[in-house]
Amino acid sequence: SDGIQIRGLKKIYVSDDGPKTALHDVSLDIAPGDVYGIIGLSGAGKSTLVRCINGLESYDAGSLTVQGKQVRDLHGKDLRDLRRGIGMIFQSFNLMPSRTAAGNIELALLDSGLSAQQRRERIAELLRLVGLADKADSYPSELSGGQKQRIAIARALANNPRILLSDEATSALDPATTKSILALLRRLHDELGITIVVITHQMSVIKEICSRVAVIDHGTICEEGRTFDVFANP
Ligand code: ADP
Ligand code: ADP
C-alpha cells in the first residue's frame with residue numbers, strides 16, 4: 001500500500017530548556033492516492049510530523065507505518081529506500097546555486113544505477129513533466145520562484161516516489177504562481193497516481209487541492225475529515 005498510518009504518535013524534544021512535547025498524540029490515516037492536507041499555525045508540529053514520516057526524526061511513542069513498513073524498524077538500506085520512495089519539496093526550494101536545473105535534478109539520480117545516457121533521458125522527461133523542457137541549462141538565479149519550485153518538483157519525482165510531501169512549498173510564492181504550482185501538483189497526482197501530503201498554514205491551499213484535511217494544534221489533531229466538511233460554514 002502507498003498509504004501512511006499514524007497511531008498515537010508522540011515526539012518529545014529534549015534541549016537545554018528542558019523537554020518540549022512537539023507531538024502529543026497524533027493519529028492519521030492517509031490513504032493511497034489521497035491529496036491530504038495538514039494545516040496548522042507555526043509551531044503546531046507540522047515539520048516534526050513530516051520529519052517523522054520520512055524517517056529523519058525518531059519518535060517516542062506510537063506507531064507510524066509508511067507503505068506498509070513500520071518506520072521505527074527501518075535502518076540502513078531500508079531507511080534509504082523509504083526516503084527514496086518519498087519525494088520532498090520545501091518553501092526554500094533547496095536548489096544548489098552552482099548547478100543548472102538539469103544538474104540539480106541529476107543529483108537525485110546519482111545513486112539510481114542509471115547510466116549517464118539514461119540519466120540524461122530521465123532528466124529530459126522530468127523537465128517536460130513540469131513544463132520546463134527549455135530550462136535545462138539555466139541556473140537557479142536565472143529562474144523565477146515558480147520555475148525553481150518546478151525544478152525542485154522534478155528532482156523530487158526523479159526516483160518515481162509513490163508519495164510526495166510538500167512542506168509549505170507555495171508559501172514563498174505569489175498567489176498566481178501558487179495557483180499554477182498547485183495545478184501542477186494536481187496534474188501529477190492525476191497522471192502518476194501519487195499520494196500527495198500538503199503541509200501548509202494557508203487554508204486557501206488546502207481548499208484548492210486537498211480532498212481531506214487534518215488540523216493540527218499544539219501537537220494534537222483537533223479536526224480531521226473531508227475538506228468540504230471540515231471547512232463548511234455552520
Ligand atoms: P511547525 O512546522 O508546525 O511550525 P515544528 O514541528 O517545527 O512546527 O515545531 C513544533 C514544536 O516543536 C515547536 O514548539 C518548536 O519550537 C519545537 N521544536 C521543533 N524542533 C525542535 C528542536 N529541534 N528542538 C527543540 N524543540 C523543537
Ligand atoms: P551542472 O553545471 O549543473 O553540472 P551540466 O550542464 O553539467 O550542469 O549538466 C548536468 C547533467 O544534467 C548532465 O550530466 C546531463 O546528464 C544532464 N543534462 C544537461 N543538459 C541536459 C538537457 N538539456 N536535457 C537533459 N539532461 C541534461
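The values are calculated or read from the model by the stated rules, or taken from the named source; none is laboratory data. Predicted model, so just to flag it, every value in this text is computed and none were measured. In this analysis, Cβ positions are derived from the backbone assuming ideal geometry, glycine residues included, and neighbour counts consider all displayed protein chains. Surface areas here come from the heavy atoms of the whole protein model, side chains and all, with no ligands, DNA or RNA. Shrake-Rupley method; radii C 1.70, N 1.55, O 1.52, S 1.80 Å.
How large is ³J(HN,Hα), in whole Hz, for each residue of the range 87-101 in order, when computed from phi with the Karplus curve 6.51 cos²θ - 1.76 cosθ + 1.60 and θ = phi - 60°, using x for Gly and Pro?
Each residue's phi maps through the Karplus curve to give x, 10, 10, 10, 4, 8, 6, 6, 8, 7, x, 7, 10, 5, 3 Hz.
Would you grab the residues whose amide H sits under 5 Å from the one on Glu57? Only those 5+ places off in sequence or on another chain, please, with H modelled 1.01 Å from N.
Under 5 Å from the amide H of Glu57 lie the amide H atoms of Cys52, each far enough along the sequence or on another chain.
Report ³J(HN,Hα) in whole Hz for each residue of the range 52-59, in order, from the Karplus equation J = 6.51 cos²θ - 1.76 cosθ + 1.60 where θ = phi - 60°; Gly and Pro get x.
5, 4, 9, x, 8, 9, 7, 10
Once amide H atoms are placed 1.01 Å from N in the peptide plane, what residues at a sequence separation of 5 or more from Asp217, or on another chain, have their amide H within under 5 Å of its amide H?
The list, which skips near neighbours in sequence, is Cys222.
Using only DSSP helix segments of four residues or longer, with each worth -39500 (n - 2.57), what per-residue ellipticity at 222 nm results for the chain after dividing by its residue count and rounding to 500? Please report the intermediate quantities before stating the final value.
On the way: 8 runs with 79 residues, N = 234.
Rounded to the nearest 500, the figure is -10000 deg cm²/dmol.
Between Ala183 and Ser98, what length in nm is gained on full extension when 0.36 nm per residue of separation is reduced by their alpha carbon distance? Walk me through the numbers before you get to the answer.
On the way: separation 85, 0.36 × 85 = 30.60 nm, distance 2.89 nm.
My answer for the length gained is 27.7 nm.
Calculate the spin-label point distance for His75 paired with Ser171, positioning each point 7 Å from the Cα along the beta-carbon direction, and give it in nanometres.
3.4 nm
Just to confirm the filter: which trypsin sites (Lys or Arg not before Pro) across the range 1-101 are DSSP coil and have at most 15 other Cβ within 10 angstrom of their Cβ?
Working: sites: Arg7, Lys10, Lys11, Lys20, Lys46, Arg51, Lys69, Arg72, Lys77, Arg80, Arg83, Arg84, Arg99; in loops: Arg99.
Here the sparse-neighbourhood loop sites are Arg99.
Just subtract the alpha-carbon distance of Val14 and Glu121 from 0.36 nm times their residue separation and send over the number in nm, one decimal. Could you put the intermediate results ahead of the total?
Numbers: separation 107, 0.36 × 107 = 38.52 nm, distance 4.62 nm.
Extra length from Val14 to Glu121 when fully extended: 33.9 nm.
Have a look at the range 60-135 and give its Rg and Dmax from the Cα atoms, expressed in angstrom.
Answer for the range 60-135, Rg first and Dmax second: 15.7, 48 Å.
Would you work out which of Ala214, Ala133, Leu157 lies farthest towards the positive end of the dipole of the range 84-234, given +1 charges on the beta-carbon of Lys and Arg and -1 on that of Asp and Glu, about the Cα centre?
Highest projection toward the positive end goes to Ala133.
Want the number for Ala232 to Lys207: 0.36 nm per residue separation, take away the alpha-carbon distance, what's left?
On the way: separation 25, 0.36 × 25 = 9.00 nm, distance 1.08 nm.
Stretched out fully, the Ala232 to Lys207 stretch lengthens by 7.9 nm.
Under a no-solvent Debye model with one identical scatterer per Cα of the range 1-158, what's log10 I(q)/I(0) at q = 0.09, 0.10, 0.12 Å⁻¹?
Rounded to two decimals, the profile gives -0.37, -0.46, -0.65.
Between Glu223 and Leu107, what is the FRET efficiency for a Förster distance of 45 Å, r being their Cβ-Cβ separation, to the nearest 0.05?
Efficiency for this residue pair is about 0.70.
Rolling a 1.4 angstrom probe over the protein heavy atoms, how many square angstrom per residue are accessible across the chain?
Working: 11210 Å² over 234 residues.
Heavy-atom accessible area per residue stands at 48 Å².
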